[in-house]
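Values in this text are rule-based calculations from the coordinates and carry no lab data. The shown structure was predicted, so the numbers you read here are calculated from the model rather than taken from an experiment. Quick reminder, even Gly has a Cβ in these numbers, built from the backbone with ideal geometry, and neighbours come from all protein chains shown.
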Amino acid sequence: LQEKYRDQWGGLSPEKAVRMLLWLYGELGEAADVIKKEGSSKIMTDPEIRNHFVEELCDAVMYFNDVMLCFDITPEEFEKVYREKFNRNMNRW
């Protein structure tokens, strides 16, 4: 999407990451609102509500990905650091 709309959106750069994080927080808030308004049981049993919840999570992941793109973080770099952090957490307690 960023490449398709580069002329309209202006591309990605480290300076734009803060804006992307703010949008990410907003989308996570919308996902939380679904839980708050509908309840977790409806997310598990009502296909329409579940789809709405998953869609909000997808929006958040898209902005998260944009933040990574702003800083040229590759999937391989992210995976490496994620695994290191996971292993530290597994031995923490």
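Between residue 81 and residue 62, what is 0.36 nm times their sequence separation minus the Cα-Cα distance? Round to one decimal in nm. All intermediate terms of the calculation are to be shown ahead of the outcome.
Numbers: separation 19, 0.36 × 19 = 6.84 nm, distance 1.97 nm.
Answer, rounded to one decimal: 4.9 nm.
For region 49-93, the residues whose backbone nitrogen is under 17 Å from a point 7 Å from the Cα of residue 38, taken along Cα to Cβ, are 49-61. What percentage of all Cα-Cα pairs in region 43-93 are separated by more than 18 Å? Counting every Cα pair in region 43-93, those more than 18 Å apart make up 56 percent. For the chain, complete DSSP H runs whose alpha carbons reach 27 Å or more along their own long axis and whose mean Kyte-Doolittle score is 0.0 or higher are 17-38, 47-70. Of the labelled figures (1) 8.4; (2) 7.5; (3) 5.6, only one reflects mean projected area of the Cα convex hull in nm² as derived from the coordinates, namely (1).
Given the peptides 8-20, 77-89, 55-67, arrange them by the average over their residues of other C-beta atoms within 10 Å, most packed first.
Top to bottom by mean Cβ count within 10 Å: 55-67, 8-20, 77-89.
Placing +1 on the Cβ of every Lys and Arg and -1 on the Cβ of every Asp and Glu, with no other charges, gives the chain a dipole of roughly 420 debye about its Cα centre.
Okay, helix-only estimate at 222 nm for the chain: each DSSP H run of n ≥ 4 adds -39500 (n - 2.57), divide by all residues, round to 500 deg cm²/dmol; what do you get?
-25000 deg cm²/dmol
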